[in-house]
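First the structure, in the form of structure tokens, and then the observations on it.
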Amino acid sequence: MVPVEKENAYQLREHLHNKVIEGANADPFKSCFLHFLGLSMSGVPSFDFAALSLYQRCAIAGLGVLDEIVSSQDVSRLLGQAAKIDSTPLPWVSDIFGVMAVKWLAEKMTEARIAREFENWISGFLAQQVSGDHLNLFEKDIAAYVRSGESAIYASACVPLFLHYLQIRQTDDHQMRLSLIGRFMGEFQSQTQRDVSTALLSLMVYVFDQVNQDMAVVPPKGWSLDDLLGFLEHIPVGLKRWTWEDAGRTRGAKPVKWPVENEYHVQNLLYVLLAPIFNDIADEVNLQPVGQKNPRIDLYLPSLHTIIEVKYRKDVKKSFPALIGEIAEDASLYRADAKYKDALIVNFLWDCTRGTQEHAKFKEGVLKIDGINGCVVVSAPSTMDCRPQG
């Protein structure tokens, strides 16, 4: 097998995408699956839904891309059919992706009876397919999901990522997802020498696109924690032009002042500065409760798996020791959430008192707190009066 160089991955993506479009062109389910994954270039597929077999109608209905519906009676009729007629396997026996779509349809109906009928239906053929030589690695993982759902164990990286991006079974552990993405790229690049189904190639192109959106937002631009800290520390350079007028700049204009009076004002300022760079930025992220505490992250950068905790020192009544205590408590609450236990944490303090003589000692203290990875202190512009404007 000739390996595909990393820089050719996008060319491979285009090649595989063209291949799946060609392969799905004359097949109603494959064309609908392509549309379901957002990979179709021709809009919603058009065909005579009523003329399809019962199995095809159920599989397509499970994707939810058409307005056509299938009744629970029709679903029960399909699920009551045997896997073989006169020793001849019926179409779904070797169509693992169609069976997955039927599973989704059965789940949408939220009927215990349909769920039992589905389990009985797949028991007639799926285990035999998995134990034989009928399915490849990825198809066996899809079969594991169909059979076991949340408890399934996967051999590939592609399938768990597929389920993650569809928000069916999310991988919240950042390091685990990074590991899966690394493995997936090897799986993806190996497709040049393999003859696999159109549906599987569609799935792999979808995962490739999602990985690209998930991880390529910042890292290719060279951003790291140090880059982020450097950016935040240089904010005062821009604050030199912060608008704080004693008199209007144009004839008849009133003087304009941009006050920063609260912690959320600082949070909004950071969002404005960071969002053009990190288009995955999230704010006010609620975490799992810790007893009576309901912790919330000010800003979160998923592509760097980094939390930015904002603090605001309005006057000398808010002491630096008190701020350090708050930061320590916040960090421990963040670490209590499994999704963020390994996230980087950066503290950003806006100091209206401009107590620069205390900043070095404050930063030293914050960085001694277990789990804090960076601390930035910015003084309000010298022209700014931090008192609320009346």
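Please treat every number below as a calculation from the coordinates, not as lab data. What you are looking at is a predicted structure, and each value in this text was computed from that prediction instead of being measured. Cβ coordinates were reconstructed from backbone atoms using ideal geometry, including for glycine residues, and neighbour counts include every protein chain displayed.
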Quote the Stokes-Einstein diffusion coefficient, in whole µm² s⁻¹, for region 6-216, based on the Kirkwood radius over alpha carbon pairs, a temperature of 4 °C and a viscosity of 1.567 mPa s.
72 µm²/s
When you take every Cα atom in the chain, what is the radius of gyration, and what is Dmax, the widest Cα pair distance, in Å?
27.7, 93
Which of the lysines could a cross-linker span from residue 339 if the Cα-Cα distance has to be under 30 Å and same-chain partners fewer than 8 positions apart are dropped?
6, 103, 108, 140, 221, 293, 311, 363, 368
For region 221-379, what is the percent of antiparallel DSSP beta bridges, rounded to the nearest 5?
40 percent
Rounded to the nearest Å, the spacing of the alpha-carbon centers of region 280-299 and region 127-196 is 31 Å
Return P(r) of region 4-69 (all Cα-Cα pairs; 10 Å bins starting at 0; whole %; ordered from short to long distances).
20, 45, 22, 10, 2
With a cut-off of 8 Å between alpha carbons and a minimum separation of six or more residues, what is the relative contact order of the chain in percent?
12 percent
In degrees between 0 and 90, to the nearest 10, how far off the longest principal axis of the chain does helix 320-335 point, with axes built from Cα atoms?
0 degrees
How far apart, in nanometres, would the label points at residue 368 and residue 332 be if each is projected 7 angstrom from Cα along the Cα-to-Cβ direction?
1.7 nm
When the helices in the chain are scored as -39500 (n - 2.57) per DSSP H run of 4 or longer and the sum is shared across all residues, what 222 nm value do you end up with, to the nearest 500 deg cm²/dmol?
-14000 deg cm²/dmol
Please compute the Kirkwood hydrodynamic radius of region 221-379 from all pairs of different C-alpha atoms, in Å with one decimal.
16.9 Å
Rounded to the nearest 5, the percent of DSSP beta bridges in the chain running antiparallel is 45 percent
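First measure r as the distance between the Cβ atoms of residue 54 and residue 251, then evaluate 1/(1 + (r/R0)^6) with R0 = 51 Å and state the FRET efficiency to the nearest 0.05. Before the final figure, lay out the partial values.
Numbers: r = 77 Å, r/R0 = 1.52.
Efficiency computed from Cβ-Cβ geometry: 0.10.
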Based on alpha-carbon atoms only, what is the radius of gyration of region 30-110 relative to the globular estimate 2.2 N^0.38 Å?
1.11
Once residue 258 and residue 225 are pulled to full extension, the length gained, defined as 0.36 nm per residue separation minus their Cα-Cα distance, is 8.9 nm
